[in-house]
Amino acid sequence: MVWCRVDTRSEPADPAELEGDLAMPVSVDPTSVDPSRDQSAPANRSAGVPASAQAPTGEKGEALRPHAEDAFAAELAALAAQDDRPRPTRWRMSPWAVAMYLLGGTLPDGTVITPKYVGPRRIVEVAVTTLATDRALLLLGVPGTAKTWVSEHLAAAVSGDSTLLVQGTAGTPEEAIRYGWNYAQLLANGPSRDALVPSPVMRAMAEGMTARVEELTRIPADVQDSLITILSEKTLPIPELGSEVQAVRGFNLIATANDRDRGVNDLSSALRRRFNTVVLPLPESADAEVDIVSRRVDQIGRSLDLPAVPDGIDEIRRVVTVFRELRDGITADGRTKLKSPSGTLSTAEAISVVTNGLALSAHFGDGVLRASDVAAGILGAVVRDPAADRVIWQEYLEAVVRERDGWKDFYRACREVSA
Ligand SMILES: Nc1ncnc2c1ncn2[C@@H]1O[C@H](COP(=O)(O)OP(=O)(O)OP(=O)(O)O)[C@@H](O)[C@H]1O
Ligand SMILES: [Mg+2]
């Protein structure tokens, strides 16, 4: 990393003034940006909070939702070890290996890499390639299309750390993207490098890592614009110290934004030009969606210690069929037009309906996933607006579900919870 002094005055700097806190080393070890950073515990990286002041994070193996780099550590290590293709500077593996990590495959030694993303290969290849260029990556799509999921796994594979994350909200301040101050130190000693609290983006720049910004379009426009200098000049000026942090090779940024949020805070065209946009589609076929749901439900079930429930695939297929038909506004056979309810009925929601169903069946049922275990969850996902959505649901139940061969149990279960 290069810390260098940016002299904003016309007179030459007084060398005496460059000593002490104001003097920024021209070349510093990247990790010195945050002296408190605990290298061994990436999960502990709350921006600028000294390790001693951070809340205990519990045993790593006990984490309810481990970070991708921890959950898939064995796959990442096997890929990095067997990957002999060229790697961009500071990448843990080659772009080819990153794509394999996301899409799945088998390594020469027989190690199986599980697919993380189920979708068009080209989308993943474009996303990975973008990260090796000087343009940032914007993952765009409707809710539940795995934008956050893909962004996390990309950062884990490229940099070995998915936690350099800024969560975008309407209240995200500029400090969350640039840097803040430790006010006790600032008041006691004035602005100094020690008093500066780097943002995850600043750390990623200094260390040549992948930064993530979630829900970019929820961030107010003026705060979003603080990314422009970072992405075009690859530098983050610190006027208070008359210095800057220059991004080193390996730095890039992945942002996610929701299609439906468009208009909340649009991306300025200046900022959009700094991104390569990759649109993540809804799953193309029912089979692909069933595959995604069953994989994720299996993983989530294991992390929640849910007892295994065998033969859930038929019920998963039924949930996916209902979601797809209502989302598309037409039955799978193309014969009956339907009204679509107001909810998104995304793959992510199908995953949580089935997970809840599995928990019900494991704890209160007979250990087999049945229609009665998923019916309440489906109703909750479909009927968001109690008036209009309920009518749409009733019509669908009576016109489609009731008449469908082999769906009598499902019809009865849905009628019971809808009453
Ligand atoms: N094509 C897909 N391949 C693999 N998993 C998927 C796919 N689509 C959805 N999922 C699963 O859906 C879940 C939700 O995805 P995620 O939270 O990343 O969605 P999102 O696009 O960020 O949604 P939002 O816009 O609401 O933030 C994840 O568990 C992910 O595994
Ligand atoms: Mg998301």
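Read-outs throughout are calculated quantities, based only on the coordinates presented, and are distinct from any laboratory measurement. Fair warning: this is a prediction, and the values are worked out from it, not measured in the lab. Here Cβ is always computed from backbone atoms with ideal geometry, including for glycine, and neighbour counts include all displayed protein chains.
For the pair Asp291 and Asp405 in one chain, pulling the backbone fully straight at 0.36 nm per residue adds 38.7 nm over the alpha carbon distance. Each Lys or Arg adds one and each Asp or Glu subtracts one; over the other residues with Cβ under 15 Å from the Cβ of Ala359, this totals -2. In order along region 189-199, the Karplus-derived 3J(HN,Hα) couplings, from 6.51 cos²θ - 1.76 cosθ + 1.60 at θ = phi - 60°, round to 10, x, x, 8, 5, 5, 7, 7, 10, x, 7 Hz, and Gly and Pro are given as x. On the principal axes of its alpha carbon atoms, region 286-418 extends 40, 29, 28 Å, with the longest extent given first.
Magnitude of the charge dipole for region 286-418, about its Cα centre and with charges confined to Cβ atoms of Lys, Arg (+1) and Asp, Glu (-1), is about 280 debye. 3J(HN,Hα) along region 91-104: 7, 6, 7, 6, x, 4, 5, 4, 5, 5, 4, 6, 9, x Hz, from the Karplus curve 6.51 cos²θ - 1.76 cosθ + 1.60 with θ = phi - 60°, whole Hz, x for Gly and Pro.
Restricting the trypsin sites (Lys or Arg not before Pro) of region 298-351 to loop positions (DSSP other than H, G, I, E, B) with no more than 11 neighbouring Cβ atoms within 10 Å leaves Arg335. Excluding same-chain neighbours fewer than eight residues apart, the aspartates and glutamates reachable from Lys337 by a Cα-Cα span under 13 Å are Glu325, Asp328, Glu395.
Listed by chain and number, the lysines whose alpha-carbon sits under 22 Å from that of Lys116, ignoring those within fewer than 8 places in the same chain, are Lys60, Lys147.
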